[in-house]
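Below is one structure; the comments refer to it alone.
The values are calculated or read from the model by the stated rules, or taken from the named source; none is laboratory data. Everything numeric here is computed off the predicted structure, so don't read it as measured data. Note that each Cβ is placed from the backbone with ideal geometry, even for glycine, and that neighbours are counted across all protein chains shown. Heads up: the accessible areas ignore ligands, DNA and RNA and are worked out on the full protein's heavy atoms, side chains in. Shrake-Rupley method; radii C 1.70, N 1.55, O 1.52, S 1.80 Å.
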Amino acid sequence: LERDLLVRLPAAYDPRRPYPLVLAFHGRTNSNAEAARYYGLEDAGAEAVYVYPAGVPVAGGYTWTADGDGLAFFDALLNTLAGAYCTDLGRVFAVGHSLGASYVNALGCARGEVLRGVAAVAGGRPYGPCRGKTAALLVHNPEDDLVPFAEGLAARDSFLAQNELGGPGVPSEPGFLGCERYGRADAPFPVVWCPHDIDEGPGGARYPHTWPEGTGDAVMAF
């Protein structure tokens, strides 16, 4: 099955220099091009190879699967990109929103020994067994009516167990998302949990499932 990708390279890309690899997965109803626009990851100015894969088209949008096929896709994607671009395989990151965030959470669990960190906005829980450890930034509005808040809490607890971290959490950046960190300030695999109250969507309509403004910068800072 062929899949389309959007690849964004640094302006002064040097094929002899290993770059971090940022894989960004869109949600059910937005394309990879739309996600590349509203995620705002590249606006933070970090030099990296940014890749926006396209999900499998289905009625009403796209899908990602966290089963064997979904993991096989991720493995093939990573292998293809490592062969095409100069990437640092010790700094591979996955980012997603909504269904893309659920996929990212699943990857963080099943491919924790490969991913250095994940960032998921309004994502569902992963299902084990989990392998390795990966830093996790999890953003979820308690009023989300598309992906229940309980799913976000379950994702948090899964990453806490995977990374062998306990509570309670302590206040953490980014403060505008109401975040708390689990793990020491210098912990290599922290979990940052952000139960934010931002519910303004496109056009000012109430939309608790939103990707809050400024989240792209927060993800890249993490």
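Only residues that are in contact with a Phe, Trp or Tyr (Cβ under 7 Å, 6 or more places away or on another chain) and either in contact (Cβ under 8 Å) with a residue 60 or more places away in the chain or open to solvent by 10 Å² or more (accessible area, probe 1.4 Å) (or both) were counted in region 40-53, giving 3. Just so you know, in region 117-131 the residues that are of a type outside the set (A, V, I, L, M, F, W, C) and over 11 Å from the mean Cα position of the chain (by Cα) include one that is surrounded by the fewest Cβ atoms within 10 Å (Cβ to Cβ), and it is Pro129. In region 76-114, which residue that is surrounded by fewer than 24 Cβ atoms within 10 Å (Cβ to Cβ) and β-branched (Val, Ile, Thr) is farthest from Asp14 (Cα to Cα)? Filtering first and then ranking leaves Val114. Note on region 109-199: enclosed strands (runs of 3 or more DSSP E) holding 2 or more residues that are of a type in the set (A, V, I, L, M, F, W, C) are 117-121, 135-139, 191-194. Only one of the listed residues (Ala82, Ala94, Ala48) is touching a Pro at 6+ places or on another chain (Cβ under 7 Å), at negative phi and modelled with pLDDT of 95 or more. That residue is Ala48. Count of region 132-165 residues, restricted to those that are modelled with pLDDT of 95 or more and either open to solvent by 50 Å² or more (accessible area, probe 1.4 Å) or over 17 Å from Leu107 (Cα atoms) (or both), is 16.
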